[in-house]
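Quick notes on the structure that follows.
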Amino acid sequence: MPVKIYKPTSPARRQTSVVDYRVLSKHARPPKRLRASVRKTGGRNNLGRITTRHHGGGMRQMYRIIDFRQDKIDISGVIQSLEYDPIRTSFIVLVAYKDGEKRYHLAWEGAKVGDTMVSGEKIEPAIGCRMPLTAIPSGTEIFNIELRPGQGGQIVRSAGSSAILQEVEGGSAHLKMPSSEIRLVPAGCWATIGKVSNSDHRIERIGAAGRNRRLGIRPSVRGKAMNPVDHPHGGGEGHNPIGLRHPKTPWGKHAFGVKTRDRKKYSNQFIIQRRKKK
């Protein structure tokens with residue numbers, strides 16, 4: 001999908017680019033049954049304390065109820081519209097099934113209005129179709145993958161992402177994740193064939209601070225610009241280094257390059273090969 005680059009009519013416009021949304025269906029409105037309101041927290045917990053920094057404000061958004069399970073087996077559906085979703089980075093498709101029901105699914109790369117998709121165990125593998133991992137050929141790109149059978153897709157759902165099914169043996173499937181990590185998933189899990197849409201999202205340039213505020217992202221201040229009481233990097237006259245051997249978080253813990261995953265996490269047993277370090 002092409003990226004639209006703005007003309008440099010102002011300093012902010014000079015650095016701004018957006019995904020060209022002209023490929024989306026025009027004047028498409030989500031059905032009332034498939035939308036819900038979103039209550040924002042501003043990064044605060046139930047006690048009103050900020051637990052996630054840099055959250056707050058933003059435009060009002062309407063959540064589209066996505067069918068991640070796609071459990072209408074052997075009932076084909078036709079894409080009625082390709083739509084923008086303000087909650088997620090990928091696009092979504094409104095699918096009308098033969099029995100009259102409509103559902104939202106994650107859009108795959110190359111999805112167009114009028115295309116047909118189906119979920120089933122004994123169907124012909126095709127892009128956009130949902131199948132169990134045991135029925136998908138090795139080396140296929142897949143997304144919206146279940147971690148437990150029947151639970152619905154939980155991983156590989158962001159724009160432009162896909163995992164590669166390497167092989168299925170011993171009741172488990174070997175998946176190469178977008179991070180290059182290789183992990184095991186039960187062979188009875190289902191996945192959608194293809195790649196998530198809007199792969200150009202990663203090269204989109206925000207350009208102006210106001211765009212981030214409309215996305216609900218508040219400004220982030222450098223630690224070295226603060227006072228020593230506020231951050232370990234703070235203090236000093238003028239533009240100086242942080243004066244520490246290792247960068248630290250506002251609470252004094254080491255930052256950058258530190259492993260944060262729990263060594264005793266239950267899912268460690270399913271990871272065959274860790275992701276590569278950058």
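Only one residue in 99, 85, 71 is in contact (Cβ under 8 Å) with a residue 12 or more places away in the chain, in contact with a Gly (Cβ under 9 Å, 6 or more places away or on another chain) and of a type outside the set (Gly, Ala, Ser), so which one is that?
71
From the list 191, 208, pick out the single residue that is touching a residue at least 60 places away in the same chain (Cβ under 8 Å), in the same structural domain as residue 131 (by TED's automatic domain parsing) and surrounded by 10 or more Cβ atoms within 10 Å (Cβ to Cβ).
Being touching a residue at least 60 places away in the same chain (Cβ under 8 Å), in the same structural domain as residue 131 (by TED's automatic domain parsing) and surrounded by 10 or more Cβ atoms within 10 Å (Cβ to Cβ) holds for just one of 191, 208, which is 191.
Among (1) under 16 Å from residue 23 (Cα atoms); (2) under 19 Å from the mean Cα position of the chain (by Cα); (3) modelled with pLDDT of 95 or more; (4) not polar (S, T, N, Q), which single condition is residue 67 missing?
Just one mismatch for residue 67, condition (1).
What tally of residues in segment 101-114 results from selecting those that are crowded, with 17+ Cβ neighbours inside 10 Å and over 19 Å from the mean Cα position of the chain (by Cα)?
Residues flagged as crowded, with 17+ Cβ neighbours inside 10 Å and over 19 Å from the mean Cα position of the chain (by Cα) within segment 101-114 amount to 1.
Looking at segment 258-278, which of its residues are modelled with pLDDT under 90 and more than 21 Å from residue 172 (Cα to Cα)?
Within segment 258-278, 258, 259, 260, 261, 276, 277, 278 qualify.
If you go through segment 139-187, how many residues are in a strand (DSSP E or B), closer than 18 Å to residue 107 by Cα and of a type in the set (Gly, Ala, Ser)?
1
Can you name the residue in segment 38-52 that is of a type in the set (D, E, K, R) and modelled with pLDDT of 95 or more and, of all such residues, is nearest to residue 210 (Cα to Cα)?
Within segment 38-52, the match that is nearest to residue 210 (Cα to Cα) is 44.
Any idea which residue in segment 243-278 is surrounded by the fewest Cβ atoms within 10 Å (Cβ to Cβ), counting only those that are of a type in the set (Lys, Arg) and touching a residue at least 60 places away in the same chain (Cβ under 8 Å)?
276
Say we look at segment 213-242 and pick out the residues that are at positive phi and surrounded by 11 or more Cβ atoms within 10 Å (Cβ to Cβ); which of these is modelled with the lowest pLDDT?
Taking the candidates together, the pick is 236.
Go through segment 1-58 and report how many residues are under 25 Å from residue 92 (Cα atoms), of a type in the set (S, T, N, Q) and touching a residue at least 40 places away in the same chain (Cβ under 8 Å).
3
Restricting the search to segment 196-242, which residues are among the hydrophobic types (A, V, I, L, M, F, W, C), under 19 Å from residue 16 (Cα atoms) and outside any loop (DSSP other than H, G, I, E, B)?
Across segment 196-242, the qualifying residues are 203, 209, 217.
Before we move on, is residue 24 within 27 Å of residue 115 (Cα to Cα), at pLDDT 95 or above and assigned by TED's automatic domain parsing to the domain that holds residue 108?
no
The values are calculated or read from the model by the stated rules, or taken from the named source; none is laboratory data. Worth saying up front: this structure is predicted, and the values here are computed from it rather than measured. Virtual Cβ from ideal backbone geometry, glycine too; neighbours counted across all protein chains shown.
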